[in-house]
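Colleague: One structure follows; several queries about it will come next.
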Amino acid sequence: MSERVREKLNILADAAKYDVSCSSSGSNRKNNNKGLGDTGGGICHTYTEDGRCVSLLKILLTNFCIYDCAYCVTRKSNDIKRAAFTVQEVVDLTMNFYRRNYIEGLFLSSGIFKNADYTMERLVQVAKKLRTEHKFNGYIHLKSIPGASDELMHEAGLYADRLSINIEIPTESGLKLLAPEKNRKDMIAPMNYLKEEIIAKKEEKRLFKKAPMFAPAGQSTQMIIGAGKETDRDIMYTADKFYRGFQLKRVYYSGYVPISNDSRLPGLGSSVPMVRENRLYQTDWLMRFYGFNVRELLNDANPHLDLEIDPKLGWALRNLNCFPIDINKADLHLILRVPGIGMQSAHKIISARKFHKLSWEHLKKIGVALNRAKYFIICNSNEMERRDLTETKIRQFILAGSESKYLKNSIQQLSLF
Amino acid sequence: MVTLLYDKTWQGLLTAIFDIYDRKFSLASIDYTERFQPDVFAKHVEVITDDIKASRVMAGLQRKASAEAVKNIYAAFLSELPGIENTILAYARLILSSNQSIEHAYGHSAVLKVSQVARMVHREKHRMEAFIRFKLTSDNLFYAAIEPDFNVIPLILTHFRRRYADQRWLIYDLKRKYGIYYNLLTVEEITIDFNQNAGEATTNVFHEDEDLYQTLWKDYFKSVNIGARKNTRLHLRHVPKRYWKHLTEKLL
């Protein structure tokens with residue numbers, strides 16, 4: 001019995017690992033029933049050797065699938081071992097892993113067997129069993145199956161903390177090419193239903209404290225990067241649309257890991273676009289937290305992000321007329337636009353300058369990356385950048401003085417021009 | 001220059017600060033008895049821990065500083081770093097002597113230091129909440145051994161009590177030789193003399209299922225790794241080697 005579970009776990013965890021969503025935060029489920037677990041800020045319990053965090057037991061219920069999407073390992077035509085968990089097996093694994101403090105909860109996805117509702121119903125059963133029979137208050141992330149009925153989605157929302165649907169391919173033309181059996185409409189329908197329902201239930205919760213929680217950690221989605229021909233602009237504009245239109249909590253970007261010799265895709269052995277992925281996440285953060293509009297970072301003139309430098313520095317170099325900024329006077333939103341100053345440093349600067357004017361020394365202690373920031377700011381000091389430097393010069397200075405932790409080993413990813 | 005010697009407890013440190021004010025020592029430093037190296041030319045005074053004095057200092061700090069700042073001072077204290085007592089003293093003096101809130105005046109070295117050390121301690125606390133691995137013993141106790149850099153047990157207690165409310169558990173700090181035990185109702189502090197039972201058989205200590213779940217967890221850890229993305233530096237930054245010894249998935 002245990003050997004069989006071991007084998008299933010190996011197959012079904014392996015198949016689920018390309019889903020990069022790992023967040024276990026955003027929900028606030030209290031352990032009020034003297035049961036097991038709670039949710040809060042989220043904890044990464046360990047990290048894989050590729051450096052990604054492991055916070056949830058991330059598995060597929062089954063890797064049998066009726067679809068044949070070119071980019072997916074569990075596609076119908078792929079010759080791999082297939083397996084399926086029973087509902088009870090998933091429940092036991094989750095409870096026992098959680099009790100040992102291995103995980104924050106369960107991330108349950110699935111290949112699609114028979115049809116959407118049949119699959120969704122089983123996912124919901126697992127969540128229901130955990131919540132009602134085992135008083136489990138840990139995190140549950142369920143996959144919404146495209147095409148599942150509203151009733152099932154409603155039930156899923158009652159038991160899960162987060163629901164997600166992966167749109168996978170950023171453009172509709174790309175989807176048509178790589179996954180001809182799927183269509184965007186089926187993916188968007190459950191997303192839209194959940195969005196409306198989450199808003200309504202939040203309102204209800206505001207009026208009646210006892211109203212049940214409904215997917216308190218919201219929805220997320222994922223896009224595969226580098227499988228098709230789309231530009232960074234296509235990707236980020238799509239992300240922006242989803243953040244606004246569906247009030248998603250997160251969009252994840254997953255560098256395509258070559259898994260087949262399909263001619264429509266990058267071949268086996270081609271490297272994973274990790275730097276590109278990193279730049280996209282940086283852009284995502286700039287959009288969500290730093291007050292940038294996606295059109296400032298990516299537009300017709302700049303359809304791709306610069307791989308050598310981060311997107312904020314890239315923007316600053318294109319807009320030198322906005323600088324220098326006086327650290328001791330400027331508003332928070334301007335300070336946030338300075339390359340080398342992050343969220344925390346910016347807030348520290350705002351609080352510290354109430355007491356005395358800040359100098360280079362203070363900024364360094366606060367944690368500002370002066371190697372980048374010094375070209376864009378003035379502070380309480382006689383020393384400052386007096387030369388009238390051009391965009392290219394600053395770029396050269398910064399690149400010469402720093403060594404990218406990402407680029408060192410993967411020169412082949414850079415384009416020459 | 002006077003050195004005040006305290007007993008390494010939080011109450012003791014607060015009493016020392018009280019005494020410095022009470023006896024009007026303008027130049028004073030604080031150290032604890034075991035570490036202190038007597039100096040022929042300097043005076044030293046033993047501090048007798050006094051809960052009333054301690055609570056008066058606490059009340060003073062709470063009146064003048066935010067709850068956040070007081071929490072940070074306590075966290076800095078738990079770091080047990082050499083000299084942190086004097087940083088805390090300097091910080092407390094700043095708080096008590098100033099009429100406006102100085103807790104964000106990062107230009108003062110004590111303010112910055114306390115906030116930085118508190119962050120280090122909170123990072124360690126968070127790591128412990130992540131890296132503790134319970135093992136189920138044959139008498140249904142979930143046991144975890146830890147060796148954190150800082151004394152974080154007082155900070156993680158609430159988290160574990162809330163989360164694992166329906167199972168008995170024990171977290172033991174091997175470095176500092178004490179632990180906390182939850183008996184399904186309350187959490188109590190305990191010390192164990194491990195040597196006492198060293199001679200006894202160790203085979204049946206763990207529950208029969210324990211091995212299976214450890215194996216499944218290790219398998220899972222291996223399965224989720226994507227070989228094509230191997231990044232050892234990043235891995236080590238997140239899971240520094242000193243923690244591996246108690247991490248089930250990092251043991252062969």
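Colleague: On a 0 to 90 degree scale, rounded to 10, what angle separates helix B:210-223 from the longest Cα axis of chain B?
Modeller: Its long axis makes an angle of about 90 degrees.
Colleague: Still on this structure, please answer the following. Scattering from the C-alpha atoms of region A:232-345 alone, worked out with Debye: what is log10 I(q)/I(0) at q = 0.14 1/Å?
Modeller: -0.66
Colleague: Sticking with this one: How far, in degrees from 0 to 90, does helix A:274-289 lean away from the longest principal axis of the Cα atoms of chain A, to the nearest 10?
Modeller: On a 0 to 90 degree scale, this one is about 80.
Colleague: While we're here: Given the Cα atoms of region B:144-252, and with Rh set as the inverse mean 1/r over their pairs in the Kirkwood sense, what is Rg to Rh to two decimals? Don't skip to the answer; put the middle values down first.
Modeller: Details: Rg = 16.7 Å, Rh = 16.6 Å.
Computed over Cα atoms, the ratio is 1.00.
Colleague: To continue, here is another question. Please compute the net charge surrounding B:T191, taking Lys and Arg as +1 and Asp and Glu as -1 over other residues with Cβ under 12 Å from its Cβ.
Modeller: Residues near B:T191 contribute -2 overall.
Colleague: Going from the alpha-carbon gyration tensor of chain A, what semi-axes, largest first and in whole Å, does one get by taking the root of 5 times each eigenvalue?
Modeller: 41, 27, 20
Colleague: Leaving ligands, DNA and RNA out of it, work out the accessible area of B:M120 with a 1.4 Å probe and give it in Å² to the nearest 10.
Modeller: Number for this one is 80 Å².
Colleague: If one takes the accessible area of chain A alone plus chain B alone and subtracts that of the pair, with a 1.4 Å probe, what total in Å², rounded to the nearest 100, results?
Modeller: Accessible area lost upon association: around 5200 Å².
Colleague: I would also like to ask the following. Nearest 10 degrees is fine. How inclined is helix B:51-64 to the longest principal axis of chain B, computing both from alpha carbons?
Modeller: Tilt of helix B:51-64: around 80 degrees.
Colleague: For region B:95-252, what is the relative contact order in percent, using Cα pairs closer than 8 Å and at least 6 residues apart in sequence? Walk me through the numbers before you get to the answer.
Modeller: Working: 156 pairs, mean separation 29.6, N = 158.
Computed over region B:95-252, the figure is 19 percent.
Colleague: Hey, could you get me the Stokes-Einstein D for region A:125-252, Kirkwood radius over alpha-carbon pairs, 4 °C and 1.567 mPa s, rounded to whole µm² s⁻¹?
Modeller: 83 µm²/s
Colleague: Would you mind computing, in nm to one decimal, how far apart the modelled labels at A:R4 and B:F194 are, each placed 7 Å from Cα along Cα→Cβ?
Modeller: Here the modelled spin labels are 4.0 nm apart.
Colleague: Let me see the pair-distance distribution of region B:57-129: every alpha carbon pair, 5 Å bin width, integer percents in order.
Modeller: With a bin width of 5 Å, the distribution comes to 3, 18, 30, 26, 15, 6, 2, 0.
Colleague: In deg cm²/dmol and to the nearest 500, what is the mean residue ellipticity at 222 nm of chain A if only DSSP H runs of at least 4 residues count, each as -39500 (n - 2.57), divided by the residue total? It would help to have the intermediate numbers written out before the result.
Modeller: On the way: 15 runs with 161 residues, N = 417.
Calculated from helices alone, the mean residue ellipticity at 222 nm is -11500 deg cm²/dmol.
Colleague: A follow-up question, please. Based on the alpha-carbon gyration tensor of region A:302-344 and its eigenvalue square roots a ≥ b ≥ c, which shape applies: rounded if a/c is under 1.5, prolate if not and a/b is larger than b/c, or oblate?
Modeller: Since a/c reaches 1.5 and a/b is larger than b/c, the shape of region A:302-344 is classed as prolate.
Colleague: Going down the table (A:K348/A:K374; A:K114/B:K222; A:K312/B:K113; A:K182/A:K202; A:K205/B:K71; A:K364/B:K71), which pairs top 23 Å between alpha carbons? It would help to have the intermediate numbers written out before the result.
Modeller: Numbers: A:K348/A:K374 17 Å; A:K114/B:K222 30 Å; A:K312/B:K113 30 Å; A:K182/A:K202 32 Å; A:K205/B:K71 32 Å; A:K364/B:K71 25 Å.
Pairs exceeding 23 Å: A:K114/B:K222; A:K312/B:K113; A:K182/A:K202; A:K205/B:K71; A:K364/B:K71.
Colleague: Quick check on chain B: take the gyration tensor over C-alpha atoms, sort the square-rooted eigenvalues as a ≥ b ≥ c, and tell me if it's rounded (a/c under 1.5), prolate or oblate. Intermediate values should be presented prior to the final figure.
Modeller: Values: a/c = 2.32, a/b = 1.81, b/c = 1.28.
The shape class here is prolate.
Colleague: Follow-up question, since we're still on this one. So for the protein assembly as shown, taking the charge dipole from beta-carbon charges (+1 Lys/Arg, -1 Asp/Glu), which of B:H126, B:L174, B:V114 sits furthest toward the positive end?
Modeller: B:V114
Colleague: Here's something else I'd like to know. With contacts defined as alpha carbon pairs under 8 Å and 6 or more residues apart, what's the relative contact order of region A:311-413 in percent?
Modeller: For region A:311-413, the relative contact order is 29 percent.
Colleague: Based on DSSP H runs of at least 4 residues, each adding -39500 (n - 2.57), what is the mean residue ellipticity at 222 nm of chain B after dividing by all its residues, to the nearest 500 deg cm²/dmol?
Modeller: Details: 8 runs with 108 residues, N = 252.
For chain B, the value works out to -13500 deg cm²/dmol.
Colleague: Something else about it: According to the Cα gyration tensor, what semi-axes, each the square root of 5 times an eigenvalue, does the equivalent ellipsoid of region B:2-123 have, listed from largest to smallest in whole Å?
Modeller: 22, 16, 14
Colleague: Compute the relative contact order of chain A as a whole-number percentage, counting only Cα pairs closer than 8 Å that sit 6 or more residues apart in sequence.
Modeller: Taking the mean separation of contacting Cα pairs over the length of chain A, I get 11 percent.
Colleague: Given N residues in region A:311-413, what is its alpha carbon radius of gyration divided by 2.2 N^0.38 Å?
Modeller: 1.11
Colleague: Relative to the present Cα-Cα distance, how much length would full extension add between A:Q396 and A:K209 at 0.36 nm per residue of separation?
Modeller: Values: separation 187, 0.36 × 187 = 67.32 nm, distance 5.76 nm.
Gain on extension, A:Q396 to A:K209, equals 61.6 nm.
Colleague: Give me the net charge of A:P311's neighbourhood, meaning all other residues with Cβ under 10 Å from the Cβ of A:P311; Lys, Arg count +1, Asp, Glu -1.
Modeller: With Lys, Arg at +1 and Asp, Glu at -1, the net is -3.
Colleague: Given R₀ = 45 Å, what would the calculated FRET efficiency be for A:R387 paired with B:E68, taking r from the Cβ atoms and rounding to 0.05? Don't skip to the answer; put the middle values down first.
Modeller: On the way: r = 43 Å, r/R0 = 0.95.
Here the calculated transfer efficiency is 0.60.
Colleague: Right, here's the next one. Need one number: the % of Cα-Cα pairs in region B:65-203 sitting beyond the 23 Å mark.
Modeller: 45 percent
Colleague: Toward the positive end of the charge dipole of region A:69-158, about the Cα centre and with charges on Cβ (Lys, Arg +1; Asp, Glu -1), which of A:P146, A:V90, A:G157 goes farthest?
Modeller: Looking along the dipole axis, the top candidate is A:V90.
Colleague: Ranked highest first by the average count of other Cβ atoms within 10 Å around their residues, in what order do A:178-184, A:223-229 fall?
Modeller: Sorting A:178-184, A:223-229 by mean packing, highest first, produces A:223-229, A:178-184.
Colleague: All other residues with a Cβ under 12 Å from the Cβ of A:H154 taken together, and with Lys, Arg as +1 and Asp, Glu as -1, what is their net charge? List each step's numbers first, then the result.
Modeller: Numbers: positive: A:K201; negative: A:D150, A:E151, A:E155, A:E196, A:E197.
So the environment of A:H154 carries a net charge of -4.
Colleague: Per residue of A:362-369, what is the mean number of Cβ atoms on other protein chains within 10 angstrom of that residue's Cβ?
Modeller: Averaged over the peptide's residues, the number is 2.
Colleague: Taking beta carbons within 10 Å but only from partner chains, what does the mean come to for residues A:51-57? Mind showing how you got there, number by number?
Modeller: On the way: counts 12, 8, 3, 6, 1, 0, 4.
Mean inter-chain Cβ contacts per residue within 10 Å come to 5.
The values are calculated or read from the model by the stated rules, or taken from the named source; none is laboratory data. Since the structure is predicted, the reported quantities are computational estimates derived from the model, not experimental observations. Heads up, the Cβs are rebuilt from the backbone with ideal geometry, glycines too, and the neighbour counts pull from every protein chain shown. The protein model used for the area step is the full one, side chains on, heavy atoms only, and it has no ligands, DNA or RNA in it. Shrake-Rupley method; radii C 1.70, N 1.55, O 1.52, S 1.80 Å.
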